[in-house]
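S.K.: One structure coming up, written as structure tokens, with questions to follow.
The values are calculated or read from the model by the stated rules, or taken from the named source; none is laboratory data. What you see is a predicted model, and the numbers here were worked out from it, not measured in a lab. So basically every Cβ, Gly included, is an ideal-geometry build from the backbone, and we count neighbours across all protein chains shown.
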Amino acid sequence: MDYKKEIEDLVNLVLKDNASDIHLSAGRTPIIRTSGELIPLIKRPVLKEVDIKGFADIFLSEKNKKILEEHRDVDFSYSMPNARFRGNVFYRQGSLAIALRLISKEIRTLSELKLPAILETFTRKPQGYFLVVGPIGQGKTTTLAAMLEIINQTRTEHILTIEDPIEYLFDSKKSIIDQREVRIDTPDFADALNAMFREDIDVCMVGEMRNTETISAAVTAAETGHLVFSTLHTNDAAQTIDRIIDSFPANQQDQIRVQLASSLTGIFSQRLVPRISGGLVPAYELLINNSAVSNLIRERRTHELNTVIETSSAEGMIDLNRSLAELVRAGEITVESAYLNSTNPKNLERML
């Protein structure tokens with residue numbers, strides 16, 4: 001099998017069908033994900049172990065091959081003339097498997113992504129800590145890329161991205177953009193964050209808050225005059241703040257609570273919901289840090305944040321249930337999809 005040609009054919013199919021992922025493993029035909037659904041490509045041959053190794057040889061550098069053997073999985077990025085992928089090669093039951101996520105070469109605007117225009121206000125902040133959160137595969141990195149591109153086009157700043165692996169590739173416009181990949185350009189997220197204090201950075205995007213050291217460095221950077229963007233795999237604003245605080249030892253939690261209360265600018269939670277007409281549409285929640293929110297964080301009353309969001313639409317906050325209800329009324333999504341994606345179905349019922 002010509003593995004390079006096979007990948008090109010699969011990528012063309014993904015682009016044609018507006019799919020998001022490709023799954024390759026021995027004993028199965030290739031599988032793609034379209035509008036959230038996994039679809040086996042039954043007209044293609046069943047893959048063998050030698051095929052998966054052939055694909056991995058194309059995707060992985062020698063360094064990544066060593067990491068795969070040592071850790072039994074490895075992240076990577078892969079570029080083609082018409083597409084770019086984020087991927088992971090991993091072992092399962094002793095044999096290799098590969099998962100690929102399509103990354104658009106074009107950085108889309110907030111409007112094109114059907115995201116609220118108020119997100120642009122967070123790109124104009126001189127400093128602070130802004131998080132985009134949600135389950136895996138819900139478009140968090142795409143949202144951050146759109147926000148960074150606004151800064152790139154409108155402000156003269158030095159922007160740093162720290163990613164594992166690098167996903168969207170930026171061209172410097174009004175801003176300077178430097179992109180660092182973990183394991184290639186820096187040992188880890190925390191090291192790169194600590195080094196940014198000596199690199200004259202204004203804006204930093206951290207691909208993921210993976211550990212306490214990274215969170216601590218990001219919050220400190222936001223406190224000391226930097227604008228920091230990042231992601232977390234959490235469901236909503238309240239859970240995000242609790243997750244951050246709980247990741248620290250008990251004797252440090254009061255300190256991080258105070259730091260977070262003062263440095264946080266907002267938390268945007270999103271999920272992609274199947275659209276009735278096909279494709280996916282975002283539903284979202286937005287918490288804006290104001291004096292009431294800061295007090296609740298400091299006073300360990302994060303369980304009250306949902307109420308603040310629900311009652312603060314005049315200040316620009318967005319309630320997830322209201323977002324879902326509006327999509328239902330607009331005929332974009334089904335009632336069933338709204339309930340499946342709601343974190344509080346009882347409240348949603350009153351809005352429908």
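S.K.: Do the conditions hold for E299, that is, is it surrounded by fewer than 20 Cβ atoms within 10 Å (Cβ to Cβ) and of a type in the set (D, E, K, R)?
M.R.: Yes; evaluated as a whole, the condition is true for this residue.
S.K.: Checking R275 against (1) in contact with a helix residue (DSSP H, G or I) (Cβ under 7 Å, 6 or more places away or on another chain); (2) touching a residue at least 40 places away in the same chain (Cβ under 8 Å); (3) over 30 Å from N64 (Cα atoms), only one condition comes out false. Which one?
M.R.: Failed condition: (1).
S.K.: Would you point out the residue of region 232-263, among those that are among the charged types (D, E, K, R) and free of Cβ contacts under 8 Å to residues at least 12 places away in the same chain, that is nearest to L144 (Cα to Cα)?
M.R.: Only one residue fits best here, namely R243.
S.K.: Follow-up. Does region 73-111 hold any residues that are closer than 21 Å to D51 by Cα and surrounded by fewer than 13 Cβ atoms within 10 Å (Cβ to Cβ), and which are they?
M.R.: Within region 73-111, S79, R92, Q93, G94 meet the criteria.
S.K.: Next up: Of K140, K173, which residue is at pLDDT 95 or above, of a type in the set (K, R) and either within 17 Å of the chain's Cα centre (by Cα) or not assigned by TED's automatic domain parsing to the domain that holds P282 (or both)?
M.R.: K140
S.K.: Here is a further query. Please determine, by comparing only the residues of region 21-38 that are assigned to a loop (DSSP other than H, G, I, E, B) and not charged (D, E, K, R), which one is nearest to G94 (Cα to Cα).
M.R.: My answer is A26.
S.K.: Only one of E304, E315, E310 is surrounded by 15 or more Cβ atoms within 10 Å (Cβ to Cβ) and among the acidic types (D, E); which?
M.R.: E310
S.K.: Looking at region 271-288 only, could you name the residues that are under 17 Å from L110 (Cα atoms), of a type outside the set (S, T, Y) and in contact with a Phe, Trp or Tyr (Cβ under 9 Å, 6 or more places away or on another chain)?
M.R.: Passing the criteria: R271, E285, L286.
S.K.: On the given criteria, is L24 within 25 Å of V273 (Cβ to Cβ), in contact with a strand residue (DSSP E or B) (Cβ under 8 Å, 6 or more places away or on another chain) and touching a residue at least 40 places away in the same chain (Cβ under 8 Å)?
M.R.: It is false that L24 is within 25 Å of V273 (Cβ to Cβ), in contact with a strand residue (DSSP E or B) (Cβ under 8 Å, 6 or more places away or on another chain) and touching a residue at least 40 places away in the same chain (Cβ under 8 Å).
S.K.: Another question about this same structure. Every residue in region 30-45 that is in contact with a helix residue (DSSP H, G or I) (Cβ under 9 Å, 6 or more places away or on another chain) and touching a residue at least 24 places away in the same chain (Cβ under 8 Å), please.
M.R.: L41
Yes/no matrix, rows are residues, columns are (1) modelled with pLDDT of 95 or more; (2) among the small types (G, A, S); (3) within 21 Å of E163 (Cα to Cα):
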| site | (1), (2), (3) |
| --- | --- |
| L47 | yes, no, no |
| I67 | no, no, yes |
| S77 | no, yes, yes |
| A99 | yes, yes, yes |
| S104 | no, yes, yes |
